[in-house]
1. Could you list, in sequence order, the residues of segment 27-57 that are in contact with a helix residue (DSSP H, G or I) (Cβ under 7 Å, 6 or more places away or on another chain) and closer than 17 Å to Ala102 by Cβ?
2. Considering only segment 23-61, how many residues are assigned to a helix (DSSP H, G or I) and at pLDDT 90 or above?
3. Could you say whether any residue in segment 69-85 is exposed (fewer than 11 other Cβ atoms within 10 Å of the Cβ), of a type in the set (Gly, Ala, Ser) and modelled with pLDDT under 80?
4. Can you tell me how many residues within segment 46-62 are within 18 Å of Asp17 (Cα to Cα), exposed (fewer than 14 other Cβ atoms within 10 Å of the Cβ) and hydrophobic (A, V, I, L, M, F, W, C)?
Amino acid sequence: MSFIDPATVGMLSTALDATALRHKAIAQNIANVNTPGYQRIGVSFEARLGALRDMVRSGATPSLASLRDVRPALELLGAPGETVALDMEMAALSENTLQQQALLKVLNKHLAILSTAINEGKR
């Protein structure tokens, strides 16, 4: 029996990767707020994760390829030439920071439980 659930750690890792990539995308959007013709970028992750969740709920077993598709990816958002709204980007940055902190707390709690199990098992 394994104490480390690879699915939990894997999904937390992927979600943290998505928040890190989203931070980079938001920073790029903020840096180019006054660049004429700049097209806003974002990260697609939640839609892919939702599709995978729906697949599992329907009873289908996801393939390895569909699991790889859940990785976060950059995508162009909005219409070309549409201006980047600084206040919206700052709000997105705050939201993303909160999501990242929550994911880190969950991962920390998961690892603390493992640590307790290991340390108590030594007695």
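The values are calculated or read from the model by the stated rules, or taken from the named source; none is laboratory data. Predicted model only: the values in this text are computed from it and were never measured. Because the Cβ atoms are built from the backbone with ideal geometry, glycine has one as well, and the counts that use them run over all protein chains shown.
1. Of everything in segment 27-57, those that are in contact with a helix residue (DSSP H, G or I) (Cβ under 7 Å, 6 or more places away or on another chain) and closer than 17 Å to Ala102 by Cβ turn out to be Val43, Phe45.
2. 9
3. yes
4. Result for segment 46-62: 1.
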